[in-house]
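In what follows, a single structure is set out as structure tokens and then discussed.
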Amino acid sequence: MESLITAAARALEAGDPLGALNRVALRNDAPSLALRGIAMAQLGDLAKAKALLRNAARAFGPREAVARARCVVAEAEIALVSRDLSWPVKALAAARATLQQHGDLANAAHAGHIEARRLLLVGRVDEAERTLAGLGAPPLPPASQAIRELVAAGIAIRRLKTKDARAALGRAARAARQAKIPALLAEVDSANLILDTPAARLIAGGSEHPLLLGEVERLATSTALVVDTFHHVVRRQGVAVSFGTRPVLFALARLLAQAWPADVSREMLISGAFRAKHADESHRARLRVEIGRLRTKLKPLAEISATKQGFVLAPRKTRDILVLARPVEEKHAAVLAFLADGEPWSSSALALALGTSARTVQRALDELARSNKVQSFGHGRARRWMTPPVPGFPTGLLLPTPLLRT
Amino acid sequence: MKRSAAEIVREYGPFAGVEAVHGVTYDGTHVWFASGDRLNAIDPASGKVARTIDVAAHAGTAFDGRHLFQIAEDRIQKIDAATGKVLGTIPAPGGGGDSGLAWAEGSLWVGQYRERKIHQVDPETGKVLRTIESKRFVTGVTWVDGELWHGTWEGEDSDIRRIDPDTGKVLEQLDLPAGTMVSGLESDGGDRFYCGGGDRGNVRAVRRPRRA
């Protein structure tokens, strides 16, 4: 093996990127470029790191397939951490296959974890789970084990399986301690925080209180009629009515549910669901029509009766009605939810993650920026958005460790 | 050129606390290998680590009868084998791109990995006396019975080859199984080569072909 490369790689592994740079700063051969790239990534200069790794991948000879593949994996991880979701997924998949073929199972698994994290981030939970399961269970270094468990926990959290999430995070913490990587431990801690921070609000009988993720999960087995504003459904145990494409009807259902067992006046329904300031005769006519539609849709779950001043809900087969709402309701809650991870996002990455148009996201961001809820830096295509930074938020960058063993 | 599959006679290790083997030598009794921050001497009969010397050890290792030579970063350290003390250093000819190391005929022979070269170096001054071109990335280097052998690793393939020290022409080649790397090479003077197994963290004994 090459002497200085070995020395630099050992410095990197010992958490001394400057020591590594010192040894290879003036060299431009392929392994040196790769080492410099990883050192720059650890020092936080992701743009420089990406360029160096790309040059390294090019500089490795055509027969050095494994070294090339490792560079691609490192570049993909940097892209993920910079929330650049537009990187070529195919290149990563190809690199993963190469590593697998050549018996570098640890780095192949690392590539798989990056794929799964990306899928999880853009909300494709089933695919993320399949990717993770497809990796099998090769013996992994502690850092990789920790990442694997973090992805598993992320999937469980998205699925509202708190018990599974806690178990996975427990395993992640153990592995992170073994790996002795502070950033990894911090990431596990902040994931734990999600489980101990209110995930929702429960509104029932005119009062409301915050719910932890575990309590939201228990709600799934409740016999009450639940108006779920996360998924835009009204459900009671196995029976669910979806209002995904009918926001006005859902707004009416929610208003009625929040007031229950009391009724809601026509004026309040009109102003709440139609966003109209003064109710005139045409609004009253429209309300009659929409209530008729809602009545039809809700038939399996509840009845709607007219009262003297408005309407009242009458649930079937249960004596409880609950409304499940976001902890803080904002017009652009979904955008803020993604930015809440503390990382800089491009508007196109947000659009990709939210499944909406870049224009819509841009409008939302502009509005949020005016009220100082988000901030941006950079210009043009390099512009990134983030919420005012959370102290100590980890970058989550854990490049393939034995990257440079030639 | 004669070409055959390498016959692996025995595997030593993996060893506790050893992530990778960077260089290998033999002092007549023990097989020494470099593992980053120390040299380890193993008893070839039992396979047990008999002794260690804490010294930076990033690439090739050699033995001249009294001293161990060990590449670290961009220099070659001369170490008293009895006490483990570093007696002096000379610059490595590859400026840190150095890999294998051998001692023969009063000279040090240093492999320069990606440059595919082997340098003959004055052990007192570090002066390059001459340079042999190889066709592959050079890992370990060894001399035995007037034959120059070196390990290669390129494109995920490794072999041990004998080259003509004057022309660099390949005379004989022993192919290792795919994915098995040679990092560090030393002959025991008889019918065995010891080679480092790179990041597998082991040392292998490979049979040296008999002369007809």
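Here is the list for the range A:227-332: chymotrypsin sites (Phe, Trp or Tyr not before Pro) lying in DSSP coil, each with at most 14 other C-beta atoms within 10 angstrom of its C-beta, are A:F230. Counting every C-alpha pair in the range A:51-180, the share spaced more than 25 angstrom apart comes to 25%.
Rounded to the nearest 20, the size of the Cβ-charge dipole of chain A about its Cα centre is 900 debye, with Lys and Arg at +1 and Asp and Glu at -1.
Using only alpha carbons, chain B has a radius of gyration to Kirkwood radius ratio (Rg to Rh) of 0.93. Across the alpha-carbon set of the range A:125-281, the Rg to Rh ratio works out to 1.13, Rh being the Kirkwood radius. Per-residue shielding of B:92-98, expressed as the average number of other chain Cβ atoms within 10 Å of the residue Cβ, stands at 5.
Ligands, DNA and RNA left out, the 1.4 Å accessible surface of the range B:59-103 is 48% carbon and sulfur atoms. In loop segments of the range A:75-129 as defined by DSSP, the trypsin sites (Lys or Arg not before Pro) with at most 16 further C-beta atoms inside 10 Å of their C-beta are A:R124. Rounded to the nearest 20 debye, the dipole size of the range A:1-117 about its Cα centre is 240 debye, using +1 on the Cβ of Lys and Arg and -1 on the Cβ of Asp and Glu. Basic side chains Lys and Arg get +1 at the Cβ, acidic Asp and Glu get -1 at the Cβ, and with that the dipole of the range B:1-136 about its Cα centre reaches some 400 debye. Cα extents for the range B:28-124 along the principal axes, largest to smallest and rounded to whole angstrom: 37, 25, 23.
The helix-based estimate of mean residue ellipticity at 222 nm for chain A, built from -39,500 (n - 2.57) per DSSP H run of four or more residues and divided by its residue count, is -17500 deg cm²/dmol to the nearest 500. Farthest towards the positive end of the charge dipole of the protein assembly as shown, among the residues A:V81, A:V374, A:P300, is the Cα of A:P300, using unit charges on the Cβ of Lys, Arg, Asp and Glu. Backbone phi angles across the range A:6-17, fed through the Karplus curve with coefficients 6.51, -1.76 and 1.60 (θ = phi - 60°), yield HN-Hα couplings of 4, 4, 5, 5, 5, 5, 4, 5, 7, x, 10, x Hz in residue order; Gly and Pro are listed as x. Given contacts defined as C-alpha pairs under 8 Å and at least six residues apart, what's the relative contact order of chain A, whole-number percent? Relative contact order of chain A: 15 percent.
Descending by average beta-carbon neighbour count within 10 Å, the peptides A:298-306, B:80-88 line up as A:298-306, B:80-88, the highest first.
By the Cα gyration tensor, the protein assembly as shown has an equivalent ellipsoid whose semi-axes, rounded to whole angstrom, run 67, 22, 19 from largest to smallest.
Rg and Dmax of the range A:249-313, based on Cα coordinates, read 10.8, 33 Å. Look at the dipole of the range A:133-250 built from charges on Cβ: of A:I147, A:H232, A:A186, the Cα furthest out on the positive end belongs to A:I147. Counting, for every residue in A:5-14, the Cβ atoms of other protein chains within 10 Å of its Cβ and taking the mean gives 5.
So which GluC sites (Glu not before Pro) in the range B:53-118 pass both tests, a DSSP loop state and at most 12 other Cβ atoms within 10 Å of the Cβ?
B:E105
Judged by the mean number of other Cβ atoms found within 10 Å, the most tightly packed of the peptides A:169-176, B:181-188, B:124-131 leads the ranking B:181-188, A:169-176, B:124-131. Computed as a quarter of the hull surface, the mean projected area of the alpha carbon convex hull for the range A:268-360 stands at 9.4 nm².
Taking the charge dipole of chain A about its Cα centre, with +1 at Lys and Arg Cβ atoms and -1 at Asp and Glu Cβ atoms, the residue from A:G205, A:L160, A:T131 reaching farthest to the positive side is A:G205. From the cross-link list A:K48/B:K127; A:K48/B:K85; A:K277/A:K331; B:K85/B:K169; B:K48/B:K78; B:K78/B:K117, which pairs have alpha carbons spaced over 30 Å apart? Going by Cα-Cα distance, A:K48/B:K127; A:K48/B:K85; B:K85/B:K169 fall outside the 30 Å limit. With just the Cα atoms defining each centre, how far is the range B:117-138 from the range A:226-277? Give it in Å. About 82 Å separates the Cα centre of the range B:117-138 from the one of the range A:226-277.
The values are calculated or read from the model by the stated rules, or taken from the named source; none is laboratory data. Computed from a predicted structure; not experimentally measured. Neighbour counts run over all protein chains shown; Cβ positions are idealised from the backbone, glycine included. Only protein heavy atoms, including side chains, enter the accessible area calculation; ligands, DNA and RNA are left aside. Shrake-Rupley method; radii C 1.70, N 1.55, O 1.52, S 1.80 Å.
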